[in-house]
Amino acid sequence: MRRDRWWARDKARHLVFSGLWTLSTQYVLVHKAGWSDGNALPASVASSATVGLAKELYDASRIGGRASGKDLVANAVGIGLAVGVIAL
C-alpha cells in the first residue's frame, strides 16, 4: 500500500489544478458571462471544490482505492491561493 505523504508531487498537482480551476472559472464567469466578481467567486470556489471532492469519491470507489484527506487539503490550499489572487 502506498503512503499518502504531505510532500508529494500528487499534492502539488492537486494544489495547482484546484487553483487554476478556480481562476479559470472566475475568468469565464466575469469576462465571458458578464457576472460580477462578487457573484462569480462563490461559484468558482464551489465548482473547484466539487471537482476535487468528486475526484476523491472516485478514488474511494475503485477496488482497493482510498480517498485522501491530504488531497482535499491541497485542493483547499489551491482554492485559497486563487481567491487571494482574485481579491488583489
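The values are calculated or read from the model by the stated rules, or taken from the named source; none is laboratory data. For clarity, every value in this text was computed on a predicted model and none was experimentally measured. Counting neighbours? That spans all protein chains shown, and the Cβs are built from the backbone with ideal geometry, glycine included. Only protein heavy atoms, including side chains, enter the accessible area calculation; ligands, DNA and RNA are left aside. Shrake-Rupley method; radii C 1.70, N 1.55, O 1.52, S 1.80 Å.
Can you find even one residue in segment 74-81 that is without any contact (Cβ under 8 Å) to a residue 40 or more places away in the chain and either open to solvent by 50 Å² or more (accessible area, probe 1.4 Å) or among the hydrophobic types (A, V, I, L, M, F, W, C) (or both)? Looking through segment 74-81, none of the residues is without any contact (Cβ under 8 Å) to a residue 40 or more places away in the chain and either open to solvent by 50 Å² or more (accessible area, probe 1.4 Å) or among the hydrophobic types (A, V, I, L, M, F, W, C) (or both).
Taken together, the residues in segment 55-73 that are hydrophobic (A, V, I, L, M, F, W, C) and either over 14 Å from the mean Cα position of the chain (by Cα) or surrounded by fewer than 14 Cβ atoms within 10 Å (Cβ to Cβ) (or both) amount to 4. Here ARG66 passes the criteria (1) assigned to a helix (DSSP H, G or I); (2) modelled with pLDDT under 95 except the one numbered (1). If you go through segment 20-42 and pick out every residue that is touching a Leu at 6+ places or on another chain (Cβ under 6 Å) and either part of a helix (DSSP H, G or I) or closer than 16 Å to ILE79 by Cβ (or both), you end up with 1. Looking only at segment 16-50, residues that are surrounded by 19 or more Cβ atoms within 10 Å (Cβ to Cβ) and farther than 13 Å from VAL83 by Cβ come to 1 in all.
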